[in-house]
Each structure stands twice: as C-alpha cells, then as structure tokens.
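See structure below.
The numbers here are math on the coordinates, done by the rules we state, and not lab data. Keep in mind that what you see is a predicted model, and the values were worked out from it rather than measured. In this analysis, Cβ positions are derived from the backbone assuming ideal geometry, glycine residues included, and neighbour counts consider all displayed protein chains.
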Amino acid sequence: MTHSPRPEPAQLSGALFDELLVTLIQQGDKRALERLHGRWNARLARAAFRYTGDPEIARDLVQECWIGIWKGIKRMRDPARFRSYAFAILHRRGADHLRGAIRDRAQFATPEDDSASPEDVQPETQTEGLALQLAFAALPPDQRLAAHLHFVEGLTLREIAAVQDIAEGTAKSRLFHARRKLKAALSDTPTELTEGEPV
C-alpha cells in the first residue's frame, strides 16, 4: 500500500499564506491579489507547459487560467483549497486548448532554462534531463499533468482526482502508467510500455 508523502512544513506555511491571501482578496484587498499572482504565476506556467508541451500555448493558457481565477475566487467557499482550485481551472482551460490549437502544433518543445549554461551541466545530466523532458512530452496530456501535479507540485491522489474531475482509481492509473514510462525513459534498456495499456 502506497502512502502519499506528508506535506513539508514549508508547504504547510505556504498553503496557509495562500489561504490568507484568498481571504483578503475576498474582502477586496487588491494588493493580496498581486501577491497571489506573484506566488503562483511561475508554478502555473510550469504546469501549463508540462500539460501542453508548447511554450506559446502554455503562455496563453496561463493568461486564461488567471482570468478564470479572478472571476471565481470571490465565490470560493474554502480558501484553503486554492491549490486544487487553481490547477482545476488550468486543467479545464487546457483541455479546451488541447482540443483546438495543440493538435496542429509540434508534439515536442524544449523548455527554456536559464538556471545553468551548457558548460555547467555534465553530459550525463544533460542526456538524462533531455530524456526526461522527451518522456514527459510523449505522455498523453492527462497523464503528463497528473505526473507533474504529483511529482513536482506534491498533490495527493485525491487532489489530482479533484483537479482532473476523475475517480481516484483513474488518477492512480494515470500516475502508474506515467511513472513506468518516465522510469523506462531513464533506463539503460527501456522496454516498450505502450502496447496493451489502457488510455
């Protein structure tokens, strides 16, 4: 039986701060709105890129996501659930994008990363990082987003199910297949995993 990782203290304090900001926004505090945007824009941008695999579509998706957040945040009944709320909006808007523009775009995109120059990265690390990026890009969009939400954002199965509006068993299945494919991409002898797998 697998257990979801316990939230780190920093995650808990961040979630409490987000809850406070949402409460202040609901009371009309515009500065709190700016601070929430500053805290969350980069995270939503990473998730949007991971979901769409296309930097231009991801930028448009994040803008639409914020429009959805602004429109609905004052009606949020539980400010503590902002994380799931934000990613759920991203997922709904992203699904619309994927049905339209992305089917005509390239399937693989290389994300920009200014954190290190090529000289600073060892060849093995570069190769492994590229393999992981390509493996993520090759996942079906819903598996890709589920994996990002779990491995990068630390969402639980229940939260991922709520974000993607699916049963927990479906979320678990998406993560299982995504994990296998990502692991195979980093293996010296990757195995074929697509044949016979449910979509």
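Odds and ends about this structure:
- Ascending count of other beta-carbon atoms within 10 Å, so fewest first, for I69, I160, I166: I166, I69, I160
- HN-Hα J in Hz across region 161-175 - Karplus 6.51, -1.76, 1.60, θ = phi - 60°, x for Gly and Pro: 4, 5, 4, 8, 6, 9, 6, 4, x, 5, 4, 4, 5, 4, 5
- Annotation: the residues Y51, Y85, sorted from fewest to most other C-beta atoms within 10 Å of their own C-beta, follow the order Y85, Y51.
- Across region 19-24, coupling constants 3J(HN,Hα) worked out from phi with the 6.51/-1.76/1.60 Karplus curve, θ = phi - 60°, read 4, 4, 4, 4, 4, 5 Hz, and Gly and Pro carry x.
- Footprinting exposure proxy ranking of V152, V62, fewest other C-beta atoms within 10 angstrom first, gives V152, V62.
- Cross-link partners for K74 among the lysines, with Cα-Cα distance under 30 Å and sequence neighbours closer than 8 places in the same chain left out: K30.
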